[in-house]
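Remarks on the structure that follows.
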Amino acid sequence: MGGDVGIDKTPPNAFTDRLYFYSGVDVARDNVYGWAGAAWSPSGLMDQEGLRIRLQGGGGQYRYRTPDVAGGWNTVNKTEGELLVGWQFLRGPHALAVYGGVNVTQNLLDQPDPLNREQGTAVGAKALAEWYCSYDPHWTFTGTIGGSTADGRAFIRGTAGRHVHELFDLGTEVGASTDWLSQDARAGLFIAAPLPGRQWRASGGWRWSSDSDDGPYASLSLYAPF
């Protein structure tokens with residue numbers, strides 16, 4: 001008797017250290033887009049290998065140049081959502097999360113454009129891979145690659161950041177994407193503030209686009225583990 005004295009039998013919380021929330025907004029010359037999502041590790045802590053479930057939604061507006069509508073420019077309101085299931089692998093300083101699932105998009109055009117395949121509602125498969133490397137106490141690298149059959153989109157992004165002060169990190173970022181309608185690329189700088197329990201990140205740079213005017217971009221994002 002008494003063998004259980006002092007043992008905490010309270011079941012572990014299914015979300016503490018197993019859930020993170022993220023959101024952000026991106027603004028460029030002819031588009032604005034916002035997103036929010038969450039990822040959950042149902043079988044273990046976030047910093048361990050295991051199953052991941054991720055849900056994300058977003059929306060915004062963009063303009064594109066086209067000879068097929070009056071005035072030569074068309075405006076599109078876009079919303080989308082996705083549900084992905086994946087697995088996180090850990091090897092030394094590297095973490096790789098690989099996801100697959102379903103993606104739903106809706107593009108509402110101001111003017112009908114018969115040559116634009118990105119209009120109406122579409123459902124497709126999506127694949128995504130996210131890599132994170134804490135190289136040493138000063139340097140951190142990330143990479144993301146993915147694509148969806150809902151809008152024919154494929155994208156790749158990468159960052160390199162250095163912890164230069166206890167209050168913030170500085171770094172560079174690059175990215176490119178393509179879909180049925182256009183291609184774009186960007187390069188810029190970012191500052192990240194790793195506050196207790198949160199991380200704010202602001203970035204800005206230059207964006208090149210095949211169907212719009214080149215120009216600056218800016219983004220702000222939040223990462224919050226629970």
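The values are calculated or read from the model by the stated rules, or taken from the named source; none is laboratory data. Just so it is clear, the structure is predicted and the values come from calculations on it, not from any experiment. For neighbour counting, all protein chains shown are included, and Cβ atoms are generated from backbone atoms with ideal geometry for every residue, glycine included. Only protein heavy atoms, including side chains, enter the accessible area calculation; ligands, DNA and RNA are left aside. Shrake-Rupley method; radii C 1.70, N 1.55, O 1.52, S 1.80 Å.
Structural remarks
- Residues in the stretch 162-201 that are of a type in the set (Lys, Arg) and either at pLDDT below 95 or more than 26 Å from Gly147 (Cα to Cα) (or both): Arg162, Arg198.
- Filter result (open to solvent by less than 60 Å² (accessible area, probe 1.4 Å), within 17 Å of Arg157 (Cα to Cα) and either of a type in the set (Lys, Arg) or part of a strand (DSSP E or B) (or both)) within the stretch 167-185: Gly171, Glu173, Gly175, Ala176, Ser177, Thr178, Asp184, Ala185
- Looking only at the stretch 131-145, and only at residues there that are open to solvent by less than 30 Å² (accessible area, probe 1.4 Å) and without any contact (Cβ under 8 Å) to a residue 24 or more places away in the chain, the one that is nearest to the chain's Cα centre (by Cα): Thr144
- Selection within the stretch 9-33 - within 21 Å of Arg54 (Cα to Cα) and at pLDDT 90 or above: Leu19, Tyr20, Phe21, Tyr22, Ser23, Gly24, Val25, Asp26, Tyr33
- Qualifying residue in the stretch 40-49 (condition: free of Cβ contacts under 8 Å to residues at least 40 places away in the same chain, part of a strand (DSSP E or B), loosely packed, with under 13 Cβ neighbours inside 10 Å and not hydroxyl-bearing (Ser, Thr, Tyr)): no
- Ala202 passes every criterion in (1) assigned to a loop (DSSP other than H, G, I, E, B); (2) free of Cβ contacts under 8 Å to residues at least 24 places away in the same chain; (3) among the hydrophobic types (A, V, I, L, M, F, W, C) apart from (1).
- Candidate set: the stretch 186-199, residues that are assigned to a loop (DSSP other than H, G, I, E, B) and free of Cβ contacts under 8 Å to residues at least 24 places away in the same chain; chosen: the one surrounded by the most Cβ atoms within 10 Å (Cβ to Cβ): Leu195
- Ser212 being modelled with pLDDT of 95 or more and surrounded by 17 or more Cβ atoms within 10 Å (Cβ to Cβ): no
- Taking the stretch 75-130 as the range and being among the aromatic types (Phe, Trp, Tyr) and open to solvent by 30 Å² or more (accessible area, probe 1.4 Å) as the test, the residues that pass are Trp87, Phe89.
- Count of the stretch 150-166 residues, restricted to those that are of a type in the set (Val, Ile, Thr) and exposed (fewer than 15 other Cβ atoms within 10 Å of the Cβ), is 1.
- Identity of the residue in the stretch 16-39, open to solvent by less than 60 Å² (accessible area, probe 1.4 Å) and among the polar types (S, T, N, Q), that ends up nearest to Leu83 (Cα to Cα): Ser23
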